[in-house]
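Structure first, commentary second.
Bear in mind these aren't lab numbers, they're just calculated from the coordinates by the rules spelled out. Just so it is clear, the model here is predicted, and its values are computed rather than measured. In this analysis, Cβ positions are derived from the backbone assuming ideal geometry, glycine residues included, and neighbour counts consider all displayed protein chains.
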Amino acid sequence: MKQINTFSFLLSLVANLFSQALGFDISCNSNVAVYWGQNSAASGSLPYQKPLRAYCDDDSVDIILLSFLYILKGAGGYPVLNFANICDYTKNSSVPVFPGTELMHCSDMGADIKYCQNKGKIILLSIGGATAQLNSDAATFSQQVWNLFMEGSSPYRPFDDAIIDGVDLDFEQTSQMDIIQFANNMNQFYKTSSRKYYITAAPQCPYPDANLGKLLQQAHIDMAFIQFYNSGWCDNSKYGLPRWPESMNYYMWDEAWHNKSFTNANIKLYVGAMAGTGAGNPGSYVGPDFFAKELKELQATYTDSFGGAMMWDMSWAYDSTPNFATNAKQALMAGSKCSSTQGSCCEKRAAEPSKRRRRRSS
Ligand SMILES: *[C@@H]1O[C@H](CO)[C@@H](O)[C@H](O)[C@H]1NC(C)=O
Ligand SMILES: *[C@@H]1O[C@H](CO)[C@@H](O)[C@H](O)[C@H]1NC(C)=O
């Protein structure tokens, strides 16, 4: 009996280690980040994107980027969200909109965010996108982001008491808002909390990026999800070509990293890819096996700067055969500097919103 007990104790200990181990760790070089929200595969005949929680039961994805907060200052001075078929108040009359605004109240998503966080994933809100209106000022907008989505307080909280883990800046046009000031303000808010928050950016691959280059050089940014697609000469489809004139250019970003061109000298760089042929310019697409090989080689070569893979978007990744995210994750785990479960190096993440005190302001 004693031996059996010891055995089952060890077994449960191991099981416990594994379940606690799975989770995002910024210091790993095997993270997978996926944009969710724009349902980009549905423009063809593929199935619609599923609610957020449907993607949180497996360990393929570590970072989910909710896309997008696309109008910084809409009706009533509040921002506007869009997640395509999810929480769509224009098609679903059960979805409430906060009075005097175009800001929708997505309680289901709030519950899903907590669900995914409890599975060890971080959830970032991506701001911008191709059709964004970048029309606020840094002081107002940073305060709103803190109050509406983080530990501040507002009667208008789209995800109720769920607290997102940070923001991502996907600015693809000139911003009216001082983006560096915005990042600095967010980092100031982050410092007031014991919770770990992130700020990330999604530049296009030509270095330095036209819209986000200065941001990366002048503000502290934790991760850059570089879009190696839709830019032609520096896309994934040019991976393996000689360095000039056309070549996938992670080497340039790594060189900038080693040149200490970024305010955050330890910023993690991610290789972004389209997860399906129709997710962007079809000429930029590389298949899951090509991408997996590319990732393995970059991970092995660029041991300081490399953080993992990014993909656009979830709907394509999970409609792909093999699953684009799972395939990339497996390739990355094979050469990961973290343990096979990302165990030893990972903090356990759990949402504990009820314990947090809220300031009463909006
Ligand atoms: C409509 O919105 C409600 C409330 O958010 C939600 O529970 C329901 O699933 C939505 N219906 C569809 C078809 O998306
Ligand atoms: C890194 O620094 C070297 C030397 O100053 C410079 O020639 C090179 O262009 C820099 N690379 C990048 C990507 O900024």
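Students often check this: by mean Cβ neighbours within 10 Å, which of 203-216, 276-289, 156-169 ranks highest, and how do the rest follow?
Those peptides, ordered most packed to least, come out 156-169, 203-216, 276-289.
With point charges of +1 on the Cβ of Lys and Arg and -1 on the Cβ of Asp and Glu, referenced to the Cα centre of the chain, which listed residue (Ala132, Tyr197, Val286) lies farthest in the positive direction of the dipole?
Tyr197
Placing +1 at every Lys and Arg Cβ and -1 at every Asp and Glu Cβ, with all other atoms neutral, what dipole size does segment 27-353 have around its Cα centre, in debye to the nearest 20?
Approximately 360 debye in magnitude.
So how far apart, in nm, are the two label points at Ala111 and Lys293 if each is 7 Å from Cα heading toward Cβ?
Result for the modelled spin labels: 4.6 nm.
How about segment 77-138: which trypsin sites (Lys or Arg not before Pro) there are in a DSSP loop, with at most 12 other Cβ atoms within 10 Å of their Cβ?
Answer in residue order: Lys91.
Sorted by average packing, counted as other Cβ atoms within 10 angstrom per residue and highest first, what order do 32-42, 234-244 take?
Ranking the peptides 32-42, 234-244 by packing returns 32-42, 234-244.
Excluding same-chain residues fewer than 8 positions from Lys260, which aspartates and glutamates have a Cα within less than 19 Å of its Cα?
Candidates past the 8-residue exclusion: Asp209, Asp222, Asp304.
Need the full-extension length gain, Lys91 to Ser43, defined as separation in residues times 0.36 nm minus the C-alpha distance. One decimal, nm.
15.6 nm
Using alpha carbon centroids, what distance separates segment 66-124 and segment 285-328, in Å?
Segment 66-124 and segment 285-328 have Cα centres spaced 28 Å from each other.
What does the net charge come to around Asn266 if you take all other residues with beta carbon closer than 12 Å to its beta carbon, with K and R at +1 and D and E at -1?
0
To check my understanding: the extent here is largest minus smallest coordinate of the Cα atoms along each principal axis. What are those three numbers for segment 27-353, in Å, largest first?
Sorted from largest, the Cα extents of segment 27-353 read 56, 42, 39 Å.
Which aspartates and glutamates have a Cα less than 12 Å from the Cα of Lys114, not counting those fewer than 8 places away in the same chain?
Partners found: Asp160, Asp161, Asp165, Glu352.
Show the residues, 5+ positions off or on another chain, whose built amide H is closer than 5 Å to the amide H of Tyr198.
Here Gly166, Val167 satisfy the definition.
Rounded to the nearest 5, what % of DSSP beta bridges with both residues in the chain are antiparallel?
For the chain, the DSSP antiparallel bridge percentage is about 5.
Can you give the calculated 222 nm mean residue ellipticity of the chain, where each DSSP H run of n ≥ 4 adds -39,500 (n - 2.57) and the sum is split over every residue, rounded to the nearest 500 deg cm²/dmol?
When only DSSP H runs of four or more count, the value is -8500 deg cm²/dmol.
Filter the chymotrypsin sites (Phe, Trp or Tyr not before Pro) in segment 44-133 down to the DSSP loop ones having no more than 14 other Cβ atoms within 10 Å, then list what survives.
Sparse-neighbourhood loop chymotrypsin sites (Phe, Trp or Tyr not before Pro): Tyr48.
Past the 25 Å Cα-Cα mark, which pairs from Lys73/Lys268; Lys50/Lys329; Lys50/Lys91; Lys238/Lys293?
Listed pairs above 25 Å: Lys73/Lys268.
Give the residue from Gly77, Asn264, Gly110 lying farthest towards the positive end of the charge dipole for segment 27-353; charges sit on Cβ (+1 for Lys and Arg, -1 for Asp and Glu) and the dipole is referred to the Cα centre.
Positive-end residue among those listed: Asn264.
Of Phe171, Phe262, Phe324, which has the largest mean-square fluctuation in a 10 Å C-alpha GNM of the chain?
Phe262
Describe numerically, in nm with one decimal, the distance between label points set 7 Å from Cα along Cα→Cβ at Ala210 and at Gln330.
Modelled inter-label distance: 3.9 nm.
If you build a Gaussian network model of the chain, linking Cα atoms that sit under 10 Å apart, which residue out of Ser60, Ser336, Ser45 swings the most?
Among Ser60, Ser336, Ser45, the largest mean-square fluctuation in the Gaussian network model of the chain belongs to Ser45.
Full-extension gain between Leu241 and Thr277, please, as 0.36 nm times their residue separation minus the C-alpha to C-alpha distance.
In short, 10.9 nm is gained.
Hey, what did the chain get for relative contact order, percent, Cα under 8 Å, at least 6 apart?
With pairs under 8 Å counted, the relative contact order is 23 percent.
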